[in-house]
1. Rounded to the nearest 5, what % of DSSP beta bridges with both residues in the chain are antiparallel?
2. Could you tell me, in Å, what Rg and Dmax come out for the Cα atoms of the chain?
3. Does segment 121-207 classify as rounded, prolate or oblate by the C-alpha gyration tensor (a ≥ b ≥ c root eigenvalues; a/c under 1.5 gives rounded; else a/b over b/c gives prolate, otherwise oblate)?
4. With +1 on each Lys and Arg Cβ and -1 on each Asp and Glu Cβ, how big is the dipole of the chain about its Cα centre, in debye rounded to the nearest 20?
5. Per 10 Å bin, what percent of the C-alpha pairs of segment 49-191 does each bin hold, from zero upward?
6. Scanning the chain for trypsin sites (Lys or Arg not before Pro) in DSSP loops with at most 11 other Cβ atoms within 10 Å, what's the longest stretch left with none?
7. Quick check on segment 88-221: of the DSSP beta bridges with both residues there, what percent are antiparallel, nearest 5%?
8. Any idea what the dipole of segment 104-241 comes to, in debye rounded to 20, about its Cα centre with Lys/Arg Cβ at +1 and Asp/Glu Cβ at -1?
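Each value in this text was obtained by applying a stated rule to the coordinates, not by laboratory testing. Here the structure is a predicted model, which is why all the values come from computation and not from measurement. Counting neighbours? That spans all protein chains shown, and the Cβs are built from the backbone with ideal geometry, glycine included.
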Amino acid sequence: MQAILEAKNIEAGYGDVVIIRDITMDIAAGEIAAVVGPNGSGKSTLIKSILGFATLFRGSVIFMGEEITGIASNKAVNLGIGYVPQIDNVFSNLTILENLDMGAYSRKGKDSIKASKKGILEIFPELEARKKGLAGNLSGGERQMLAIARAMMAEPKVLLLDEPLASLSPKPSAVIESKLKQISKAGIAIIIVEQNVRKALDISNWGYVIVNGALVMKGKSTELLADDSFKKRFLGLEQEN
Ligand SMILES: Nc1ncnc2c1ncn2[C@@H]1O[C@H](COP(=O)(O)OP(=O)(O)OP(=O)(O)O)[C@@H](O)[C@H]1O
Ligand SMILES: [Mg+2]
């Protein structure tokens, strides 16, 4: 299948410090890839390096067949790479509708923006119900929904989400999981960084395991979950959560 986003042999970090080495991954439309691994292993650094938020020392990034290595983060968003950071991902002092408008800041065409907003609020009726309220008054799960909805306002082809389920209790977490599946089925590629290995592999098609900055395993999520050495080595990580 044609990849929407490919990261090849990525070496990245901060300043002159290398954090991740030789990581290759790709994602196709309608698929979910999970990047899992222990605390501090370099999961966030991988997605930040694709978006220009971390230093990319080596490797290449290809988006829809075109090389975009070293692209500035605002340009990546304009091209169709959506990003939902781990924290501070909504504007608390703005309303839900204003947050959604912020997500479309680089788009032109009032009617198409309005149409996107309508479609996105259909996926998130929880937000529709409170659209004139301040984002700061939302629950953790609703905030995460708003962060995802805002990223979708830029019409992404691929969404990179950094721990969208972390700190959520089981019920809101399950709601977000089902929204992500729905968004993926609509043809958007999703890369999700997640510490909870079992949960991440349950919702994804592909799993990438990063330990100490290196890719140690990758494969179909169902196959990883069934693999004895994987289970022994990585499902124990769940105890950290
Ligand atoms: N802005 C930064 N400047 C310098 N070092 C950083 C920066 N951000 C992260 N690091 C370091 O890079 C390493 C990997 O961090 P990263 O955030 O990518 O890990 P992670 O796998 O996402 O961890 P977590 O599960 O805790 O989110 C850590 O040692 C961290 O201290
Ligand atoms: Mg992280």
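1. If we restrict to bridges inside the chain, about 55 percent are antiparallel.
2. 17.3, 53
3. Oblate, since a/c reaches 1.5 and b/c is not below a/b.
4. 520 debye
5. All Cα pairs, binned at 10 Å, distribute as 12, 42, 35, 11, 1 percent.
6. Excluding the exposed sites themselves, the longest stretch runs over 133-241.
7. Rounded to the nearest five, the antiparallel share is 60 percent.
8. In debye, rounded to 20, segment 104-241 gives about 660.
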